[in-house]
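Worksheet: one structure, shown below.
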Amino acid sequence: MKNIGIFYWPIKGNVETVAKKIKEIYGTDEVDIIDLSKAEPKHLFHYKNLILGCSTVGSESWEDATDDNVWYQFLHKMEDDKVDLNGKNLAIYGLGDQMRYPYNFVDGMERVFSHIVNHNINHIAQWPNEGLTFKESLALHDDKFRGLAIDLDNDEDEADATITKWVEMIKKEI
């Protein structure tokens, strides 16, 4: 059993870029990166710790989602299968654009979290609300995000340092 599985979607964009950066920082021997569209809920059990990565794109229509929203399909399959993650450590990161979409910054992270929390997880690595400029976010609770909130479109220069800090946080909490 590997230490960490990073399950992410969508592919070929900023969410995948962050997944690869986390793996690079953490160490390639300890981490697998899994495209969610190629995964089943049973694959979550192959890892001691889980990191989930998502974007805000499409989060406003998740309740009306169809087959094109892989997170929606995956999370509902977990519910149908009554998956119990037995207290696995789970961290989450979300990508968003705080300038173009200031009223739903990283809302996709909350959409994923609100489903996954019902599957017996140990939620780790919440991220402080610092240095970001946005109006509203569903993922913000008690001035902390559910996980790493990152904007590669507007804060690319700070991204490596931010991701490194978050990975160090995860290492301390698992």
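I'd like the full set of residues that are within 22 Å of ASP153 (Cβ to Cβ) and part of a loop (DSSP other than H, G, I, E, B), limited to the stretch 80-100.
GLY96, ASP97, GLN98, MET99, ARG100
Pick from the stretch 21-44 the residues that are surrounded by fewer than 14 Cβ atoms within 10 Å (Cβ to Cβ) and more than 19 Å from GLU173 (Cα to Cα): which of them is modelled with the lowest pLDDT?
THR28
Any idea how many residues of the stretch 147-174 are assigned to a loop (DSSP other than H, G, I, E, B) and either farther than 14 Å from LEU50 by Cα or hydroxyl-bearing (Ser, Thr, Tyr) (or both)?
In the first step, residues of the stretch 147-174 are kept if they are assigned to a loop (DSSP other than H, G, I, E, B); the result is 147, 151-155, 174.
Still in the running and either farther than 14 Å from LEU50 by Cα or hydroxyl-bearing (Ser, Thr, Tyr) (or both): 151-155.
Here the count works out to 5.
Cβ-Cβ under 8 Å, sequence separation 6+ or interchain: first residue in the stretch 157-174 and farther than 16 Å from PHE145 by Cβ, partner assigned to a helix (DSSP H, G or I) and among the hydrophobic types (A, V, I, L, M, F, W, C). Which pairs?
Every condition considered, the pairs that remain are THR164/ILE25.
Which pairs have Cβ atoms under 7 Å, sit 6 or more apart or on different chains, and link a residue in the stretch 101-123 that is more than 22 Å from ILE174 (Cβ to Cβ) to one that is assigned to a helix (DSSP H, G or I) and polar (S, T, N, Q)?
If the second residue must be assigned to a helix (DSSP H, G or I) and polar (S, T, N, Q), the pairs left are ASN104/SER59; ASP107/SER59; GLY108/SER59; ARG111/SER59.
Can you find a residue in the stretch 88-97 that is crowded, with 20+ Cβ neighbours inside 10 Å, without any contact (Cβ under 8 Å) to a residue 40 or more places away in the chain, out of contact with any Lys or Arg (no Cβ under 6 Å at 6 or more places or on another chain) and not basic (Lys, Arg)?
No - not one qualifying residue is present in the stretch 88-97.
Would you point out the residue of the stretch 141-174, among those that are of a type in the set (A, V, I, L, M, F, W, C), more than 17 Å from MET99 (Cα to Cα) and at pLDDT 95 or above, that is farthest from the chain's Cα centre (by Cα)?
Going through the stretch 141-174, the residues of a type in the set (A, V, I, L, M, F, W, C) turn out to be 145, 148-150, 152, 159, 161, 163, 166-167, 169-170, 174.
If we keep only those that are more than 17 Å from MET99 (Cα to Cα) too, we end up with 145, 148, 161, 163, 166-167, 169-170, 174.
Right, trim to at pLDDT 95 or above and you get 145, 148, 161, 163, 166-167, 169-170.
On the way: PHE145: 11, LEU148: 8, ALA161: 18, ILE163: 12, TRP166: 12, VAL167: 13, MET169: 15, ILE170: 13 Å.
So the residue we want is ALA161.
Do we find a residue being touching a helix residue (DSSP H, G or I) at 6+ places or on another chain (Cβ under 9 Å), of a type outside the set (D, E, K, R) and assigned to a strand (DSSP E or B) anywhere in the stretch 114-121?
Within the stretch 114-121 (the criterion being touching a helix residue (DSSP H, G or I) at 6+ places or on another chain (Cβ under 9 Å), of a type outside the set (D, E, K, R) and assigned to a strand (DSSP E or B)), the answer is no, since none of the residues qualifies.
Across the stretch 1-32, what is the total count of residues that are without any contact (Cβ under 8 Å) to a residue 40 or more places away in the chain, closer than 17 Å to THR164 by Cα and part of a strand (DSSP E or B)?
Adding up the residues that qualify gives 1.
Filter the stretch 85-112 down to the residues that are on the phi < 0 side of the Ramachandran plot and touching a strand residue (DSSP E or B) at 6+ places or on another chain (Cβ under 6 Å) and list them by number. Walk me through it before giving the result.
Narrowing the stretch 85-112 to residues on the phi < 0 side of the Ramachandran plot: 85, 88-105, 107-112.
LEU85, LYS88, ASN89, LEU90, ALA91, ILE92, TYR93, GLY94, LEU95, GLY108, MET109, VAL112, listed by residue number.
Within the bounds of the stretch 127-142, is there any residue that is part of a strand (DSSP E or B), crowded, with 19+ Cβ neighbours inside 10 Å and touching a helix residue (DSSP H, G or I) at 6+ places or on another chain (Cβ under 9 Å)?
Quick first cut of the stretch 127-142, residues part of a strand (DSSP E or B) only: 127-128, 140-141.
Subset that is crowded, with 19+ Cβ neighbours inside 10 Å: 127, 140.
Next, only the ones that are touching a helix residue (DSSP H, G or I) at 6+ places or on another chain (Cβ under 9 Å) stay: 127, 140.
Among the residues of the stretch 127-142, at least one is part of a strand (DSSP E or B), crowded, with 19+ Cβ neighbours inside 10 Å and touching a helix residue (DSSP H, G or I) at 6+ places or on another chain (Cβ under 9 Å), which makes the answer yes.
The values are calculated or read from the model by the stated rules, or taken from the named source; none is laboratory data. For clarity, every value in this text was computed on a predicted model and none was experimentally measured. In this analysis, Cβ positions are derived from the backbone assuming ideal geometry, glycine residues included, and neighbour counts consider all displayed protein chains.
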